[in-house]
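Structure record follows, encoded as structure tokens.
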Amino acid sequence: MTPEQYCQDKTAKSGSSFYYSFLFLPKTKRLAITALYAFCREVDDIADSEMDNKIKLVKLEWWRSEIESLFTGKANHPVSHALEPAIKTFGLKKEYFLEIIDGMEMDLNEVRFANFEELNLYCYRVAGVVGLLSATIFGYKDPQTLEYAKKLGLALQLTNIIRDVHEDSLRNRLYLPLDELEKFGVTEQQIFNRDNSDEFHQLMLFHAERAHQCYRDAYKTLPKQDRYDQKTGIIMAAIYENTLNEMEDDQLQVLKHKVMIPPLRKIIIALKTLFKEWWFYRKYKTA
């Protein structure tokens, strides 16, 4: 199996919405973004595994060493080999890969965030940095596009947090800021006990609106001249925001079940978004 095939399998088997947005990229960019996503899956799988935390720390430290080796031309892992041409072609920065690992390490112990500022740092490391790397692969002319990428990463991660509240609680992880729980009169124990109270519903409404605002902020920040090159990220956002809308239509019953959009519908959303962005690009170029 080639490094490219390894990354393709890793990405396809994840069932992630990201996979469907990659399908419309030219080959060089598609291979690069698939390798990046496979790297994210490798380190995320370590953080989410049932292994002892000491073993997880050793494995994450190995990946730090592997990133150092990758950037000195001595890669060992199939994902690293797949990343080599991406790093050379797109000038991807080493510190961003190390920051992602730092973010995964934050997941190892009891996960709690005192306030949104602390949560924002976590989101930047595990999603905002991925957005920066992705935007670089997709291509941009205006540096403001990188600000868009960070904001979009935050929006996507906040959507994940809402969707996975119960699943995360089973791992003793609570990503909802503690000061906001207190503000809405919700306790950690209520969440761990799946107590779907009115107070919890109001808390989720608050977080859903914050996520929507982050999507709006991201779109507003994206320069028009870079919008078509960034269409893959916009496709991701469309799928994720549809997931958020589905959760709201379901009255944000995230403690009862996990809302998932079927693969066929993801493809339809991706195609509709692609056509919409192509139409916008045509109008922009002829204006």
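So the values come out like this:
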| quantity | calculated |
| --- | --- |
| Residue list for segment 171-217, restricted to those being polar (S, T, N, Q) and within 20 Å of the chain's Cα centre (by Cα) | Gln213 |
| Some residue of segment 209-219 being out of contact with any helix residue (DSSP H, G or I) (no Cβ under 8 Å at 6 or more places or on another chain), in a helix (DSSP H, G or I) and at pLDDT below 95 | no |
| Scope segment 70-121; condition within 23 Å of Glu50 (Cα to Cα) and outside any helix (DSSP H, G or I); matching residues | His77, Met106, Asp107, Leu108, Asn109, Glu110, Val111, Arg112, Phe113 |
| Search result, residues across segment 233-260 that are outside any helix (DSSP H, G or I), crowded, with 17+ Cβ neighbours inside 10 Å and under 20 Å from the mean Cα position of the chain (by Cα) | Val254, Val259 |
| Counted residues, segment 111-159 - those being free of Cβ contacts under 8 Å to residues at least 24 places away in the same chain and touching a helix residue (DSSP H, G or I) at 6+ places or on another chain (Cβ under 8 Å) | 1 |
| Selection from segment 7-53 of residues that are in contact with a Leu (Cβ under 6 Å, 6 or more places away or on another chain) and in a loop (DSSP other than H, G, I, E, B) | Phe24 |
| Subset of segment 121-145 (residues that are under 14 Å from Glu99 (Cβ atoms) and surrounded by fewer than 19 Cβ atoms within 10 Å (Cβ to Cβ)) | Leu121 |
| Residues that are touching a residue at least 24 places away in the same chain (Cβ under 8 Å), assigned to a helix (DSSP H, G or I) and surrounded by 15 or more Cβ atoms within 10 Å (Cβ to Cβ), drawn from segment 170-184 | Leu178, Glu180 |
| Some residue of segment 159-179 being farther than 23 Å from Met104 by Cβ and either modelled with pLDDT under 95 or assigned by TED's automatic domain parsing to the domain that holds Glu117 (or both) | yes |
| Out of Leu178, Leu146, sole residue that is within 30 Å of Ile87 (Cβ to Cβ) and out of contact with any strand residue (DSSP E or B) (no Cβ under 9 Å at 6 or more places or on another chain) | Leu146 |
| Test: residue in segment 63-77 that is among the β-branched types (Val, Ile, Thr), within 23 Å of Phe138 (Cβ to Cβ), modelled with pLDDT of 95 or more and crowded, with 19+ Cβ neighbours inside 10 Å | yes |
| Count of segment 185-194 residues which are part of a loop (DSSP other than H, G, I, E, B), within 12 Å of Val165 (Cβ to Cβ) and out of contact with any Phe, Trp or Tyr (no Cβ under 6 Å at 6 or more places or on another chain) | 1 |
| Residue list for segment 261-276, filter: outside any loop (DSSP other than H, G, I, E, B) and within 30 Å of Leu170 (Cβ to Cβ) | Pro263, Leu264, Arg265, Lys266, Ile269 |
| Answer residue from segment 38-56, given it is among the charged types (D, E, K, R) and touching a residue at least 24 places away in the same chain (Cβ under 8 Å) and is nearest to His77 (Cα to Cα) among those | Glu42 |
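The values are calculated or read from the model by the stated rules, or taken from the named source; none is laboratory data. Only a predicted model underlies this, so the values are computations on that prediction, with no experimental measurement involved. Glycine also receives a Cβ, built like all others from the backbone with ideal geometry; neighbour counts cover every protein chain displayed.
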